[in-house]
Amino acid sequence: MPKKEDHLRVKKLSALIRNHSYKYHVLDEPEIEDSKYDQLFQELLSLEQKFPELLSKTSPTQRIGSKPSTGFKKITHGMPMLSLDNAFSIKDLEDFDKRVTERLVLKENLEYCCEPKLDGVAVNLFYKKGVLDKAATRGDGTIGEDITHNIKTLPSVPLELIKNEEIAKIPNALEVRGEVFIESFEFKKINEYSKESGKRIFANPRNAAAGSLRQLDPEVTASRPLKLFIHGYGISDSSPENIPNNQFDMLQLFKMWGFPTNPEVKVAIGINTCIEYFSYIEDKRKELPYEIDGVVYKVNKFNFQQRLGKVSRAPRWAIARKFPAETGKTRVNSISYQVGRLGSVTPVAELEPIKVGGVTISNASLHNFDEVDRLDVREGDVVIIKRAGDVIPQVTKVDLKDSVKRKPKTKLPKICPSCGSELFREEGEAALRCVKAQECPAQLVEIIKHFVSRNAMNIEGLGDKIIRLLINNKIINNVSDLYKIKEEDIIKLEGFASKSSSNLINSIGSSKETSLQRFVYALGIREVGEATALNLALNFNDIKDLIKASREDLLEINDIGPVAADFINDYFKNTENIELVNEFMTLGFKLSPPKKDDSSNFSGKTIVITGSFTTYSRNELKEQLITRGAKVTSSVSNKTDFLISGEKPGSKFSKAQELQVKILDEQEAIDLLS
Ligand code: IVH
């Protein structure tokens with residue numbers, strides 16, 4: 001039994017550790033030596049081990065918990081996580097300021113909160129009564145993935161907020177948003193280590209941060225030096241008089257509650273001061289320990305933000321000014337060819353490695369052969385490379401001055417670089433194609449990658465590297481072979497231990513029980529995306545019926561046009577494909593048809609959608625309607641029952657008014673859906 005002094009000591013140690021951790025991670029003002037901190041931590045740990053009844057959920061020792069048993073759960077954000085409009089020039093910024101000032105009918109200069117735009121991973125943290133309850137990735141802005149177990153491992157994330165009643169009461173429910181990132185030098189260290197130990201190399205710090213957060217094992221996340229800055233909030237049940245009335249002061253309050261915030265944030269009065277802030281940050285960029293891709297300007301006052309509202313998925317009160325694309329000059333060592341899932345062959349410029357905007361680039365897609373012609377790029381040429389934020393590096397032109405003794409013009413390849421078979425160019429298409437499908441090793445890799453992907457069969461643990469390993473070792477020769485893999489086949493492969501082998505085999509095995517729409521999508525039929533797969537599944541309850549469907553049957557279906565109908569029809573006319581499907585069935589696949597909700601307000605109705613929506617993407621809305629038995633068509637006619645109109649509707653809106661079709665706004669549609 002713990003004595004009273006043990007209770008007190010645990011409490012004291014927790015408070016001390018929390019306080020030193022805050023000083024170190026948030027204020028950047030450490031007060032004690034690391035060794036002293038470790039000593040306090042060890043003392044707490046051993047007391048908690050001795051008296052488990054003294055262990056609290058928010059103890060500083062509770063950062064690494066257990067792994068979630070099943071993948072990542074979905075979490076719906078309390079309030080959608082918006083995105084930002086971009087400004088690329090001073091003029092764009094001035095226009096933004098003009099728009100905002102006019103809307104608010106103001107004469108004086110507006111106050112803005114200026115913040116560096118971190119190039120990290122957006123996260124949403126939810127606190128219940130001041131205790132971290134859940135954390136999610138941004139996902140599609142409405143629904144993200146549950147990463148609570150990983151977020152807890154970040155030392156700068158408060159598990160419990162610091163109470164300071166004189167300043168502000170902690171809300172019962174609070175959602176804060178921020179950016180998780182890895183500092184540039186840490187990123188280098190991770191990659192150097194990965195290289196040495198033959199592990200995966202990350203392309204940039206953002207990918208490293210994203211990869212570290214999307215880990216099923218929190219110990220891996222804990223081993224990565226992830227940091228966080230909070231830059232906003234979602235829901236908060238505080239009454240307005242309890243919290244500051246502007247963004248800058250809110251950030252100061254976040255800091256007092258224990259959240260790390262970016263020290264470079266400043267208030268600027270008038271757009272000219274904002275422009276100066278941009279130059280200041282541009283100069284400072286090189287010294288910052290983390291990567292940023294621009295500056296975010298937010299109208300500082302919350303009541304102004306509220307009055308301005310949002311358009312589609314971006315607020316009217318904020319804008320991001322991105323740094324201009326960075327360019328570099330380098331040589332094309334060779335032009336190689338990549339083969340995609342559907343056999344299209346893409347030319348790639350293999351470059352003499354060059355650093356552009358802090359990232360080393362060693363290849364750039366040339367997209368297609370029309371682009372190769374347009375640029376007239378040849379092996380050995382010196383080219384200009386451009387990289388802008390997220391966008392993959394591009395070859396913008398050949399530097400003819402520096403490209404001496406040019407090689408002959410780049411010719412279209414005649415044979416597939418992977419399987420050596422003849423390539424075809426379909427009429428009207430820019431792409432060359434290899435038609436060998438699963439017989440072509442490069443295509444097989446891509447086919448399997450798609451088949452196992454998250455929205456298809458959702459098989460965890462089968463990444464690019466393992467798929468290649470399985471194919472190269474002839475363990476699999478086609479997709480269905482995945483289901484015949486035995487533990488003894490893979491245990492001898494590099495990187496596999498007995499546990500990882502049986503995990504992989506289990507996750508492959510359990511994928512056999514899935515929905516019909518996932519399976520149809522996984523087959524990778526051209527033009528059959530997730531929405532079409534769902535439509536097909538809703539119309540044919542059984543895969544056998546889908547196989548038998550005629551082109552006419554397919555054309556009857558909601559949203560399936562002649563092109564998709566032909567591809568689907570051709571796919572199921574091919575005996576190899578039928579054999580493949582039959583083989584899956586023999587292997588014990590169980591495909592459940594989607595649940596239909598015929599009692600819905602939308603059942604049997606013909607609906608057209610226009611504009612954009614905040615709660616759903618258009619595809620999600622479509623899916624919601626289809627599963628409720630609605631037919632979603634693309635143009636308004638006398639047969640249309642409802643037009644659902646989001647923001648910025650197109651001409652369908654006036655057409656619906658003209659034909660007196662009932663128009664629903666987003667909220668009305670959502671109400672009817674539920
Ligand atoms: S505010 C409603 N502030 O940029 C405002 N976002 O392009 C929404 N980001 O997904 C975001 N630094 O992850 C905001 N200081 C900052 C930011 C920031 C980086 C990211 C954020 C968002 C993306 C939008």
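The numbers here are math on the coordinates, done by the rules we state, and not lab data. On a predicted model such as this, the values are computed, not experimentally measured, just so you know. Positions of Cβ are backbone-derived with ideal geometry, glycine not excepted, and every protein chain shown enters the neighbour counts.
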Explain nothing, just the number: relative contact order of the chain, from Cα pairs under 8 Å at least 6 residues apart, as a whole percent. 9 percent
Tell me the mean residue ellipticity at 222 nm calculated for the chain from its helices only (DSSP H runs of n ≥ 4, each -39500 (n - 2.57), averaged over every residue, nearest 500). -10500 deg cm²/dmol
Starting at 0 and stepping by 20 Å, how many percent of the alpha carbon pairs of the chain end up in each bin? 14, 42, 37, 6, 0
I'd like the distance separating the alpha-carbon centroids of segment 474-528 and segment 577-597, in whole Å. 15 Å
Got the relative contact order for segment 394-486 handy, in percent, Cα pairs under 8 Å and 6 or more residues apart? 16 percent
Only bridges whose two residues both fall in segment 535-674 count here: according to DSSP, what percent of them are antiparallel, nearest 5? 10 percent
Over all distinct alpha-carbon pairs, what is the Kirkwood Rh of segment 3-161 in angstrom? 19.4 Å
What order, most packed first, do the peptides 485-495, 225-235 have when packing is the mean number of other Cβ atoms within 10 Å of each residue? 225-235, 485-495
Any idea what the dipole of the chain comes to, in debye rounded to 20, about its Cα centre with Lys/Arg Cβ at +1 and Asp/Glu Cβ at -1? 380 debye
By the gyration tensor of its Cα atoms, with a ≥ b ≥ c the square roots of the eigenvalues, what is the shape of segment 358-464: rounded for a/c under 1.5, prolate for a/b over b/c, or oblate? oblate
Where a ≥ b ≥ c are the square roots of the eigenvalues of the C-alpha gyration tensor, would you call segment 471-610 rounded, which needs a/c under 1.5, or, failing that, prolate if a/b is larger than b/c, or oblate? prolate
Highest mean first, how do 341-348, 373-380 rank when packing is the count of other Cβ atoms within 10 Å averaged over residues? 341-348, 373-380
Please flag any cysteine in the chain that has no other cysteine's Cβ under 4.7 angstrom from its own Cβ. 113, 114, 274
Can you pull the three principal axis extents for the Cα set of segment 568-672, in Å, largest first? 53, 28, 24
Dividing the Cα radius of gyration by the Kirkwood radius, what Rg/Rh value follows for segment 265-373? 1.15
Ranking request for peptides 570-583, 611-624, 115-128: highest mean number of other beta-carbon atoms within 10 Å first, then the rest in descending order. 115-128, 611-624, 570-583
For segment 88-186, the percent of all C-alpha pairs falling in each 5 Å bin, from 0 up to the bin holding the max distance, is 2, 10, 15, 15, 13, 14, 12, 13, 6, 1
Contact order relative to length of segment 94-234, as percent, for alpha carbon pairs under 8 angstrom and 6 or more apart: 27 percent
Tell me, how many Å apart are the Cα centres for segment 623-655 and for segment 263-313? 38 Å
